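What follows is one structure encoded as structure tokens, with my remarks underneath.
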Amino acid sequence: MSNDITFSIIKPDALGRGDAGRILARITDTGFRIAALRMLHMTLRQAEGFYAVHRERPFYQGLVEFMSSGPVIVMVLRHPDAVEEFRRFIGTTDPAKAGPGTIRAEFGTDVRMNAVHGSDSPENALLEASYFFSAIDIF
Ligand code: IDP
Ligand code: MG
């Protein structure tokens with residue numbers, strides 16, 4: 001499967017603090033091209049659907065409540081090896097453990113409110129992108 005797209009979300013914590021513009025600038029300055037972008041406020045049901053793979057995890061309820069607590073920016077990004085490169089760029093799940101200079105180290109506050117989402121495989125990137133975008137809207 002081609003690996004030139006990934007799917008990302010700027011989460012409610014980052015948007016609420018007014019950091020979306022700075023994060024978007026870092027994304028594009030790093031060489032990711034925006035292929036699709038939209039702002040929306042997910043319902044609890046929509047967040048549950050997006051994170052259905054995590055429904056057995058202890059953090060699931062807190063996660064879906066957080067992700068539906070305010071607006072987010074969802075986007076599809078293009079880059080060679082997009083999935084791996086984007087995850088390296090954002091850092092590990094827990095901002096306290098994320099490498100210096102990563103988005104989560106800089107903009108995240110805790111393991112739940114970690115500012116951004118990035119897909120974990122090319123298959124999931126396509127699935128996640130199709131949760132929010134039609135093929136015709138991905139440039
Ligand atoms: P990832 O976003 O780095 O891929 P996942 O394990 O897929 O991490 O978890 C999805 C999201 O769930 C995380 O980005 C974070 O917002 C939240 N999360 C993960 N682990 C925990 C936890 O231990 N406590 C609270 N929230 C968590
Ligand atoms: Mg994940």
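Please treat every number below as a calculation from the coordinates, not as lab data. Since we're looking at a predicted model, the values are computed, not measured. Here Cβ is always computed from backbone atoms with ideal geometry, including for glycine, and neighbour counts include all displayed protein chains.
Among the helices (runs of 4 or more DSSP H) contained in region 9-123, which hold 2 or more residues that are within 16 Å of ligand 2 (Cβ to nearest atom) and surrounded by 14 or more Cβ atoms within 10 Å (Cβ to Cβ)?
In region 9-123, 44-50, 60-67, 82-90, 103-107 are the helices (runs of 4 or more DSSP H) which contain 2 or more residues that are within 16 Å of ligand 2 (Cβ to nearest atom) and surrounded by 14 or more Cβ atoms within 10 Å (Cβ to Cβ).
Mind counting the residues in region 124-136 that are more than 14 Å from ligand 2 (Cβ to nearest atom) and not hydroxyl-bearing (Ser, Thr, Tyr)?
Of the residues in region 124-136, 6 are more than 14 Å from ligand 2 (Cβ to nearest atom) and not hydroxyl-bearing (Ser, Thr, Tyr).
Going by what's in this entry, would residue 4 be described as within 21 Å of residue 124 (Cα to Cα) and among the charged types (D, E, K, R)? Full working, then the answer.
Working: within 21 Å of residue 124 (Cα to Cα): yes; among the charged types (D, E, K, R): yes.
Spelling it out, residue 4 is indeed within 21 Å of residue 124 (Cα to Cα) and among the charged types (D, E, K, R).
Considering only region 111-139, state which residues are out of contact with any helix residue (DSSP H, G or I) (no Cβ under 9 Å at 6 or more places or on another chain) and of a type outside the set (Gly, Ala, Ser).
Once the filter is applied, which keeps residues that are out of contact with any helix residue (DSSP H, G or I) (no Cβ under 9 Å at 6 or more places or on another chain) and of a type outside the set (Gly, Ala, Ser), region 111-139 yields 111, 123, 126, 127, 133, 136, 137, 139.
Go through (1) under 15 Å from the mean Cα position of the chain (by Cα); (2) in contact (Cβ under 8 Å) with a residue 12 or more places away in the chain one by one and return the number of the condition residue 65 breaks.
Exception for residue 65: condition (1).
Does at least one position in region 64-74 carry a residue that is touching a strand residue (DSSP E or B) at 6+ places or on another chain (Cβ under 7 Å) and within 15 Å of ligand 1 (Cβ to nearest atom)?
Taking region 64-74 first, the residues touching a strand residue (DSSP E or B) at 6+ places or on another chain (Cβ under 7 Å) are 71-74.
Add one more test, that the residue is within 15 Å of ligand 1 (Cβ to nearest atom), and what stays is 72, 74.
Yes - at least one qualifying residue is present in region 64-74.
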